[in-house]
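Written below as structure tokens is the structure these notes are about.
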Amino acid sequence: MSGAKDNAQKRIEALRAELRRHEHLYYVLDAPEVSDAEFDALMNKLKELEAEHPELVTPDSPSQRVGGKPADGFKKAQHSRPMLSLDNAYSADELAAWERRVRELAGSLPVEFTAELKLDGLSIAIQYAPDEKGGARLASGLTRGDGQIGEDVTTNIRTIRSVPLSIGADRLKKAGMPQTFEVRGEVVMPAEAFRLMNEEREREGLPAFVNPRNSAAGTLRTLEPSIVAQRRLVFFAYFLLENGEYFAAGQSATLDKLTALGFRVNPHRERVQSTEQMMKFIDNAEAQRESLGYEIDGVVLKVDAHQTQQRLGYTGKAPRWAIAYKFTARAGITKVNEISIQVGRTGKLTPVAELEPVFIGGTTVSRATLHNADFIAGLGLKIGDWVKVERGGDVIPKVVEVVDDKEHPRGHKNFAFPTHCPECGSEVVRAEGEADYRCVNADCPAMLRESLLHFGRREVMNIEGLGEAVVQQLLEKKLVRSVADLYTLTVDQLAALDRFAEKSATALVDQIEKSKKAGLARVIMGFGIRFVGERTAELLAEEFGSIDALISASAEELERVEEVGPRISQAILEFFAQEKNRTLVDHLREAGVDMTAEKKVRTAQLAGLTFVLTGTLPTLSRDEAKRMIEAAGGKASGSVSKKTNYVVAGEEAGSKLDKARELGVSVIDEAGLMQLLNGNA
Ligand code: IVH
């Protein structure tokens, strides 16, 4: 290396070290030593030197947080171990019951708890891999996704300043860590960043985000890393994994280790021994809630010792060794300025309270559903009344009561439920025994509009860009008469719409094209059949495997599906009994929309099969694998014999594998087991 270059390399490395130290001080410890301007000056110096010596740029340089965009959306990737959720508790009694159960199951093992804040963000998993210098480098970052498979949002996670891009060999060594490991935690958007972002969106005429969590989630899925970088997301770490196994030292020590590695760990945490101490921590957390600067929606309690955690194990979806205590809803008082009517995709008329905007728990609330005429009558609500509005973590704001006191005088205007549809003017009817009024016009434009919007939603066919403004224009220009017509839209037609250019038109056509492969479950959801939500749609798709099989199913066959009772089967039968809905299916088929799904083998079909697990499986713990086999009717045994049907072998499988080979028993890996469980053997 030439002298000049050698010199540049040294200066670059010194600057990087200095910048990393300041990033850590600022973004992790919240204790900056230099002003923003001084920091920027250092960064500019580094960028200058790197521009002069591009061959010296490394991906873990602090200048490289904002990198290239992922070319074609986010790839999916499997988690090293499923990312589970937590069971909830809402009262001291429920916590006490949990504590009792934990102690019962733990037997003689130690039971202590770590209390942490429940950050209202989204969980992510970040993988670190060895670099050439004995340290670790950020290798990839995944969203939780469905818990098994997440989206690879590495480019965006790199822009979060509290996430180290690299961890030096010294630090690793001091912390006693290998070069390969995984960190899990929560990404949140601080209240201030949320406020600034929404102000800017308002200036640009964009719709505001409803709350910091949604905007953090939206931000992480943005395909433009420079935007993500501006949004100032924060990452709080809470888990450390090695080879898909939790760090063996226990939760409290894990948090210490994460701190030592340079991660931001939420400072509000405590070791507690009893429900009483848990409640004290919870009361404190609730008292500090408004002044934290980021949203929390409860407290998470985790059994501290790793060994005890392992003894306690997991239920279907959540660990038995942890629980989320959820805060109760927060409320505000505001005035009902008006009651408007929304017509849904099934023709149902929903009254909505148009409120004087009020800030409740980090969100501005300006509308709240009033459900139906009976609900309004039950409240005794008049227009101009003041009402108490409650908002839980996830829950849509709801009006809970009319306030009537000196400061909040009653309103005067009675609300009369309309006799005609506000969208098409047709008569509205309320069927015997039903709470809702419905528009009788099967061609009501509101229904079509809502159906289109529903069809495009992320959880349904996931057609990005099919928002209200577009749908409105498609209807006005009579370009679509049913959701199937979406598939006939051309770039030229869309480019002619307001606020559309060739590029956005092409993007929307691509999105629509892509949705053809969304699969049967999502198409079923897309129909918007009453009572058929995501889970039911998935179960139906798995059971019937094709739209034709579903259409020709009898009530009895439908009701064989878990969760489907007479009410749902009736709704499905009625839906497909209508000529226009069967035509819709035909049109979707002609458009090339995939309406098939992999059929699930009945669980009983694993009955009679005996499995033996050996070695370490890549994603499942032995307990999890055992439970899945048993849930599917199989038997998990401890030793291999001639009666064993399959040996499921992971890494470092030992004598059981040898025995299996000796006896000629089939040996499969985790993937093979998953295939069997999914009925694809
Ligand atoms: S532990 C199996 N700790 O809450 C492990 N989760 O309701 C579950 N969350 O999906 C995660 N703060 O997104 C854990 N200190 C904390 C948390 C936390 C927020 C979120 C996380 C999880 C959800 C479960």
### Query
Of these, Ala541, Ala537, which one is without any contact (Cβ under 8 Å) to a residue 24 or more places away in the chain, in a helix (DSSP H, G or I), among the aliphatic types (A, V, I, L, M) and surrounded by 14 or more Cβ atoms within 10 Å (Cβ to Cβ)?
Ala537
### Scan of the stretch 574-631 for residues that are surrounded by fewer than 16 Cβ atoms within 10 Å (Cβ to Cβ), hydrophobic (A, V, I, L, M, F, W, C) and at pLDDT below 85, ordered by number
Ala604, Ala607, Ala631
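Here are Leu349, Leu355: which of them is free of Cβ contacts under 8 Å to residues at least 60 places away in the same chain, buried (at least 20 other Cβ atoms within 10 Å of the Cβ) and over 30 Å from Gly168 (Cα atoms)?
After applying the criteria, what remains is Leu355.
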### Summary
Of those in the stretch 71-93 that are within 15 Å of the ligand (Cβ to nearest atom) and either under 19 Å from Lys280 (Cβ atoms) or part of a helix (DSSP H, G or I) (or both), the residue least open to solvent (accessible area, probe 1.4 Å) is Ala89
### Task
Starting from residues that are at pLDDT below 95 and more than 9 Å from the ligand (Cβ to nearest atom), keep the ones in the stretch 112-133 and report whichever is surrounded by the fewest Cβ atoms within 10 Å (Cβ to Cβ).
Glu132
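Within the stretch 453-494, can you find the residues that are of a type in the set (A, V, I, L, M) and surrounded by fewer than 16 Cβ atoms within 10 Å (Cβ to Cβ)? Talk me through it step by step, then tell me what you get.
Keep residues of the stretch 453-494 that are of a type in the set (A, V, I, L, M), which gives 453, 460-461, 463, 466, 469-471, 474-475, 479-480, 483-484, 486, 489, 491, 494.
Of everything in the stretch 453-494, just one residue is of a type in the set (A, V, I, L, M) and surrounded by fewer than 16 Cβ atoms within 10 Å (Cβ to Cβ), namely Ala469.
When you go through Ala285, Ala373 one by one, which is the residue that is closer than 30 Å to Val234 by Cβ, at pLDDT 90 or above and either out of contact with any Gly (no Cβ under 9 Å at 6 or more places or on another chain) or within 16 Å of the ligand (Cβ to nearest atom) (or both)?
Working: Ala373 fails: closer than 30 Å to Val234 by Cβ.
Every option except Ala285 fails the conditions.
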## Note on the structure
Given (1) over 30 Å from Ala469 (Cβ atoms); (2) in contact with a Pro (Cβ under 7 Å, 6 or more places away or on another chain); (3) assigned to a helix (DSSP H, G or I), Gln179 misses just (3)
### Within the stretch 100-151, strands (runs of 3 or more DSSP E) holding 2 or more residues that are out of contact with any helix residue (DSSP H, G or I) (no Cβ under 9 Å at 6 or more places or on another chain)
122-130, 149-151
### Task
Looking at (1) over 23 Å from Pro62 (Cα atoms); (2) out of contact with any strand residue (DSSP E or B) (no Cβ under 7 Å at 6 or more places or on another chain), find the lone condition where Glu224 falls short.
(1)
### Message
Looking at (1) small (Gly, Ala, Ser); (2) open to solvent by 20 Å² or more (accessible area, probe 1.4 Å); (3) part of a loop (DSSP other than H, G, I, E, B), which one does Ala549 not meet, given that it meets all the others?
### Response
(3)
#### Entry: Selection from the stretch 293-309 of residues that are surrounded by fewer than 16 Cβ atoms within 10 Å (Cβ to Cβ) and either away from the ligand (no atom under 16 Å from the Cβ) or on the phi < 0 side of the Ramachandran plot (or both)
Gln307
### Message
If I ask for residues that are under 21 Å from Asp404 (Cβ atoms), touching an Asp or Glu at 6+ places or on another chain (Cβ under 7 Å) and open to solvent by 50 Å² or more (accessible area, probe 1.4 Å), which ones from the stretch 319-346 would you list?
### Response
Ala331, Lys335, Asn337, Glu338
### Message
Tally up the residues in the stretch 376-389 that are touching a residue at least 24 places away in the same chain (Cβ under 8 Å) and open to solvent by 60 Å² or more (accessible area, probe 1.4 Å), please.
### Response
3
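The values are calculated or read from the model by the stated rules, or taken from the named source; none is laboratory data. The structure presented is a predicted model; accordingly, all values stated were derived computationally and were not measured. Methodologically, a virtual Cβ is constructed for each residue, glycine included, from the backbone with ideal geometry; neighbour enumeration extends over all protein chains shown. Remember, those area values only see protein heavy atoms, side chains included, never the ligands or the DNA or RNA. Shrake-Rupley method; radii C 1.70, N 1.55, O 1.52, S 1.80 Å.
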